[in-house]
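Peer 1: Below is a structure I'd like to ask you about.
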Amino acid sequence: MGWAQALMMGMVMGLGAYLFTYLMGRYAESSIQSGHDLKRIEEVLPRRSLLEAKFDLRRSDRKARLTELQSELGELRRRRFLQEKALADARREANSPVRIIGPEGQTVAKFRAWMVNRQVQQALTDRKRHPTLDMEWANPQVIEIWADNLADAKREAGRIYPMPLGFSLLNITLESAAPASEAAAG
């Protein structure tokens with residue numbers, strides 16, 4: 001046998017193998033396509049892909065809603081904390097004495113101030129007692145100041161509770177003001 005005959009025989013065998021494989025593949029394909037399972041899958045597949053798209057859309061909507069609810073919950077927690085703090089401050093203020101400076105009702109405005117005494121705070125930190133002041137001065141104390149303006153209110157607070165003795169003005173706000181005609185009549 002020569003080279004030409006061997007080459008020819010190889011080509012014929014290769015072509016035979018190709019045709020055999022091709023025909024077996026076509027047979028397998030036709031038997032699979034004629035099966036009931038494939039027809040059922042082909043019918044169900046579009047519905048299921050539509051359901052999958054709807055589920056993905058619903059999941060993204062739910063995630064957005066969850067994020068929105070979490071931020072709303074955080075805001076509600078913050079508001080609750082602020083309300084509880086305001087309630088605790090109001091209870092503490094209701095139980096503490098209110099010190100009044102100036103002739104009540106005879107001036108134009110009433111100011112509300114909060115003062116502490118730094119010396120009392122230092123003594124409390126050192127676990128000692130202040131020699132002259134009550135330990136309640138370590139916490140903010142409410143002072144009502146009746147004065148014509150803010151500068152007078154600060155001056156009166158400094159006169160009664162001087163800084164050299166450790167008193168410190170934390171905050172002062174205008175609580176109420178009488179109209180100028182009422183102040184002149186009073």
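Peer 1: Could you point to the residue in MET8, SER31, THR67 farthest towards the positive end of the chain's charge dipole, with +1 and -1 charges on the Cβ of Lys/Arg and Asp/Glu respectively?
Peer 2: Value computed over the given set: MET8.
Peer 1: Would you mind working out the magnitude of the charge dipole of region 98-185 relative to its Cα centre, with +1 at each Lys and Arg C-beta and -1 at each Asp and Glu C-beta, to the nearest 20 Debye? Don't jump to the answer; show the numbers that get you there.
Peer 2: Numbers: 10 positive and 10 negative charges, 95 e Å.
Here region 98-185 has a charge dipole of around 460 debye.
Peer 1: Moving to a separate point now. Could you tell me which of GLN119, LEU170, GLY102 has its Cα farthest along the dipole of the chain towards the positive end, charges placed at Cβ (Lys, Arg +1; Asp, Glu -1), taken about the Cα centre?
Peer 2: Positive-end residue among those listed: GLN119.
Peer 1: How large are Rg and Dmax for the chain when only the alpha carbon atoms are used, in Å?
Peer 2: When restricted to the Cα atoms of the chain, Rg and Dmax are 44.8, 139 Å.
Peer 1: Quick check: Cα centre of region 106-162 to Cα centre of region 1-42, how many Å?
Peer 2: For region 106-162 versus region 1-42, the Cα centre distance is 102 Å.
Peer 1: Would you work out the charge dipole size for the chain about its Cα centre, treating the Cβ of every Lys and Arg as +1 and the Cβ of every Asp and Glu as -1, and quote it to the nearest 20 debye?
Peer 2: The calculated dipole for the chain is roughly 520 debye.
Peer 1: Let me ask another. So, with +1 on the Cβ of K and R and -1 on the Cβ of D and E, and no other charges, what is the size of the charge dipole of region 3-59 about its Cα centre, to the nearest 20 debye?
Peer 2: Working: 8 positive and 6 negative charges, 70 e Å.
Its charge dipole is roughly 340 debye.
Peer 1: Could you grab the relative contact order for the chain? Cα pairs under 8 Å, six or more apart, rounded to a whole percent.
Peer 2: Once divided by the residue count of the chain, the mean separation gives 22 percent.
Peer 1: Now a separate question. Show that you can apply the helix-only estimate: for the chain, add -39,500 (n - 2.57) for every DSSP H stretch of four or more residues, divide by all residues, and state [θ] at 222 nm to the nearest 500.
Peer 2: -22000 deg cm²/dmol
Peer 1: Tell me the net charge near GLU104. Cut-off is 11 Å between Cβ atoms, GLU104 excluded, with +1 for each Lys or Arg and -1 for each Asp or Glu.
Peer 2: Local net charge: 0.
Throughout, read-outs are computed from the coordinates displayed, never taken from laboratory work. Owing to the predicted nature of the structure, the values given are computational and were not obtained by experimental measurement. Using ideal geometry, Cβ is built from the backbone for each residue, glycine included, and neighbour counts are taken over all protein chains shown.
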